[in-house]
Amino acid sequence: MSGAGVRVLLLWPGTDGAAAGNFGVPQLVALATYLRARTGASIDVVDLVCERALGAVSLPRVLLGEHGTGYDVVALGCYSSYDWLKCSAIAEVARRLTPRAVICAGGYHVSARPAELVADGCPFDVAIVGEGERPMARLVEEVAGGARPQGAIYGSDPIVSLDDELPPTDWSFLQRYRGVARRVASQAQLYLSRGCPFDCAFCMERAKREVSWRAFSVDRAVDEVKRLDAFLGLGDWTLYFADALFGMRTSWRRSFLEALARAEVDVEKIWLLIRVDMVEEEDLRLFARTNCGLGFGLESGDPDLLRVIRKAGRLDDYLDRMRDIATVARRYDVPWGANVIVGHPGETEATLRRSAAYLSSLFLDSGGTTGFLSVDPFRLYPGSPIDDDRGAWERQYGTRFHRPSWWHDGDPEFLSEWVDPSADLTYRRRVALTQELLAPVLEGIPQRFVYGGPARDYFGRAIADQIDLCNAPTRLHYADRYYAWNRYLGRGEVAREERRQDPDLAACCRAMREAALPAAAGMAGVPVDVVEPRRAALVEAVLLVPRERFVPLDEVLASTRDEAVALDSSGQATVSAMHAYLRAFDVLEVGEGDRVLDLGCGTGYGTAILARLVGSGGSVHGVEVDPRLAATARDNLRDLDHVEVVCGDARDASTWPAAPTLVVVGFALDEVPAAWAERLPIGARVVAPLVRGGTQRLARLKRTADDLQTELLEEVCYVRARAAPAVRAAPATGPAVEGARIETGRRALGVVS
């Protein structure tokens, strides 16, 4: 054959896209089967997800192969744009180890942006657009003839008749992974058709160029299921038909389901994706008979937004059809899922509210449902109709794409979603409305989920996973990235004010503090209301003061943990851990009406806690040596009339107000300055970290008629006292902005390079 003697590596790096969590990489197995039959090349298929389950992965060993001499062609499966950085990282290693190999990649992202793949400075030689079989066969044949293509784009050259051109899939290419398959995947994956002719605005299917729907014949499709069953043993697996659109033609769909039922393949459950407007009662009867669950891309419960999304078909009764399907599916005990996209360009608060009302009715107003809801934020995919004409969406709806080429920046899970849907709806407002409107729907589904057939636990996990996406840690993770990126991109001033007024952020952070505070207060398992009143008031103050406002924009998540948070890159200024404030203020016995001096107040977090403890009848005076931190503290505390912050050396008693009754020191001292005793009235109390014998000890001091009496307590760790900065160090910037992108890809792989 024309490619005999050529060694080809088909490498799957894993994906964070829709194919994540599946076993089988059927696109690569089908490609390997085709290439071997067509060209005679020697093909290896490596799945790095499965490789990790076998032990530590050496990327050089993978790229050089068992023979140690490398491959003639290294082809990477870049399924989605989320995988771009890791594929680039692997390609760079491959280029270094095997400089003569032709390195190529294919997949949705490559099909959408082939020119990026072969641009100067990229490690790839060839971009494969669309379906890979014919372009890859051409490449292998050219390499066999001595060619070494560089900067080339192959394809699109789709296969029209799958039965005629694709040989039966040979799953033995994955023999190495049979023993670990269940450890790495929740379901097996198989393709029975290709293409989707619909043109939904968000979808990148059109990036593959050929969108006509083409399927195996019914007999061949059933045979493909049997072949996978013979290889893997599907009896305890969920099988996912990963077709972009299952069974578009009614006659094919029903004939296949009838034939599959006769074949009696033992499988725990089959999961597939189909359109709402294709399914009728006869289909549901057949789906029940063949043990299928159905995934519907509902996209929205609002008719206006469905038109914006360009959901084709009869939209006048589209949502009514979904209601009918839900009713009949319950009768036949067919499980199903409806996916909606929140924040699609053109979404407004009104469309989101109408969609939520429809979904609440669909899932919660009946006596029970066999369906569940999945909620996805809109993600901008390259090659989608929206991406192809972003300017039109910006002009028509006021949509704002904050990072339209997000796949380069090392933070794809957030940046792909960072879109203001319309002039009426910002990203953060969309997040808050999703929580307000859709979390109650998701949380109400478990009590109404009445499906009783096979794999109920599988669907129960899907329901639980969706609820988890609404919890405080997940929401806070994305909020943390939002504010961090605003800082990295120089939008700090506006973002700080937005953070101050962000209700969803405040709710998430408070929930996280509630979880952290019992341990921080040394009261694990003890309800606050049974602790003595003064200490309970202290814990409540730490709970209620929004610590996230007092830290840098890229430290929002860290602010909810019981740990110190650096205020700049110097390492000399921090917001102390929550337990440090609890302990110091407890030792100081702060109460209503006290006059407190906060030395080294930083950005004012401890000052704010003190202000709550002393109430409007008391006062708090903060002193901070760093002018920028002092200015930030004044801004943070601007709504508190009984708080004053000055910039000065806190060790200099002349900066203090007259006769403070209580003093808290936020930095470690070698000795208490003698002038302090002269400034403090008799009976005044001080809590400060003092250095004794090379360690810091928390100390409680009391002003007597003669001196300051000192009582040493436990060891602590505070920043040391410092002088006013001559030149402030520049704040740290995010590594994702200007560098470390390939290194990010390597870390995502979890392999040794």
Helix 627-636 sits off the longest principal axis of the Cα atoms of the chain, rounded to the nearest 10 on a 0 to 90 degree scale, by 80
Projected onto the charge dipole of the chain (unit charges on the beta-carbon of Lys, Arg, Asp and Glu, signs +1, +1, -1, -1), the Cα from Pro99, Pro673, Val375 with the largest positive-side position is that of Pro99
Kirkwood Rh for region 555-690 from C-alpha pairs, in Å, is 14.9
Cα-based Rg/(2.2 N^0.38 Å) for region 566-612, rounded to two decimals, is 1.21
Plugging the Cβ-Cβ distance of Gln150 and Asp236 into 1/(1 + (r/R0)^6) at R0 = 35 Å yields, to the nearest 0.05, a FRET efficiency of 0.15
For region 134-197, the percent of all C-alpha pairs falling in each 10 Å bin, from 0 up to the bin holding the max distance, is 14, 31, 32, 23, 1
The value for region 77-138 (convex hull of the alpha-carbon atoms, volume per residue, Å³) is 78
Quarter of the surface of the C-alpha convex hull for region 26-124, i.e. direction-averaged projected area in nm², equals 6.8
Checked against the positive end of the charge dipole of the chain (+1 on Cβ of Lys and Arg, -1 on Cβ of Asp and Glu, about the Cα centre), the farthest of Ala472, Val8, Gln435 is Val8
Stretched fully, the stretch from Lys702 through His642 gains (0.36 nm per residue minus C-alpha distance, one decimal, in nm) 19.1 nm
For the chain, the longest principal axis of the Cα atoms and the Cα long axis of helix 533-544 enclose an angle in degrees, to the nearest 10, of 50
Length gained if Arg456 through Glu258 is fully extended, taking 0.36 nm per residue and subtracting the Cα-Cα distance, is 68.9 nm
Reduced to Cα centres, the span from region 534-598 to region 20-59 in Å works out to 52
Treating only Lys and Arg (+1) and Asp and Glu (-1) as charged, each at its beta carbon, one finds that the chain has a dipole about its Cα centre, in Debye to the nearest 20, of 760
Residue separation between Glu66 and Glu589 times 0.36 nm, minus their alpha-carbon distance, gives in nm 181.3 nm
Note on region 311-455: the mean projected area of its alpha-carbon convex hull, in nm², is 10.2
Between the modelled labels at Glu413 and Asp365 (7 Å from Cα along Cα→Cβ) the distance in nm is 3.6
Simple SL model, points at 7 angstrom along Cα→Cβ for Leu713 and Glu514; separation in nm is 2.8
With the label point 7 Å along the Cα-to-beta-carbon line of Thr327 and a cut-off under 18 Å to each amide N, the hits in region 338-377 are 358-371
Output ordering of 347-355, 702-710 (per-residue mean of other Cβ within 10 Å, highest first) is 347-355, 702-710
Relative to the chain, whose Cα atoms define the longest principal axis, helix 503-520 and its Cα axis are tilted in degrees, nearest 10, by 70
For the chain, the per residue accessible area (1.4 Å probe, Å²) is 39
Between Asp199 and Glu436, Cβ-based FRET efficiency (R0 30 Å, step 0.05) works out to 0.40
Dividing the helical contributions, -39500 (n - 2.57) per DSSP H run of n ≥ 4, by the residues of the chain yields a 222 nm value, nearest 500 deg cm²/dmol, of -12000 deg cm²/dmol
Cβ-Cβ cut-off under 13 Å around Asp424, Lys and Arg +1, Asp and Glu -1: the net charge is 0
Mean Cβ-within-10 Å packing, highest first, puts peptides 126-135, 537-546 in the order 126-135, 537-546
Given the candidates Phe246, Gln150, Trp393, the one whose Cα lies deepest towards the positive end of the charge dipole of the chain, counting +1 at each Lys or Arg C-beta and -1 at each Asp or Glu C-beta, is Gln150
Expressed in nanometres to one decimal, the distance between label points 7 Å along Cα→Cβ at Asp562 and Thr695 is 2.0
Labelled set [x] 184; [y] 154; [z] 211; volume of the Cα convex hull per residue in Å³ computed from this model equals the value at [x]
The answer for the net charge of residues other than Ala677 whose Cβ lies under 10 angstrom from its Cβ, with Lys and Arg +1 and Asp and Glu -1, is -1
With R₀ set to 51 angstrom, the calculated FRET efficiency between the beta-carbons of Ala674 and Ala507, to the nearest 0.05, is 0.60
Once Lys and Arg are counted +1 and Asp and Glu -1 for all other residues with Cβ under 14 Å from that of Glu589, the total becomes +2
About its Cα centre, region 623-724 carries a charge dipole, from +1 on Lys and Arg Cβ atoms and -1 on Asp and Glu Cβ atoms, whose size in debye to the nearest 20 is 120
Rounded to the nearest Å, the spacing of the alpha-carbon centers of region 202-248 and region 323-343 is 21
Note: region 386-538 at 10 °C, 1.306 mPa s; Kirkwood Rh on alpha carbon pairs; Stokes-Einstein D in µm²/s works out to 85
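The values are calculated or read from the model by the stated rules, or taken from the named source; none is laboratory data. Predicted model only: the values in this text are computed from it and were never measured. Virtual Cβ from ideal backbone geometry, glycine too; neighbours counted across all protein chains shown. The protein model used for the area step is the full one, side chains on, heavy atoms only, and it has no ligands, DNA or RNA in it. Shrake-Rupley method; radii C 1.70, N 1.55, O 1.52, S 1.80 Å.
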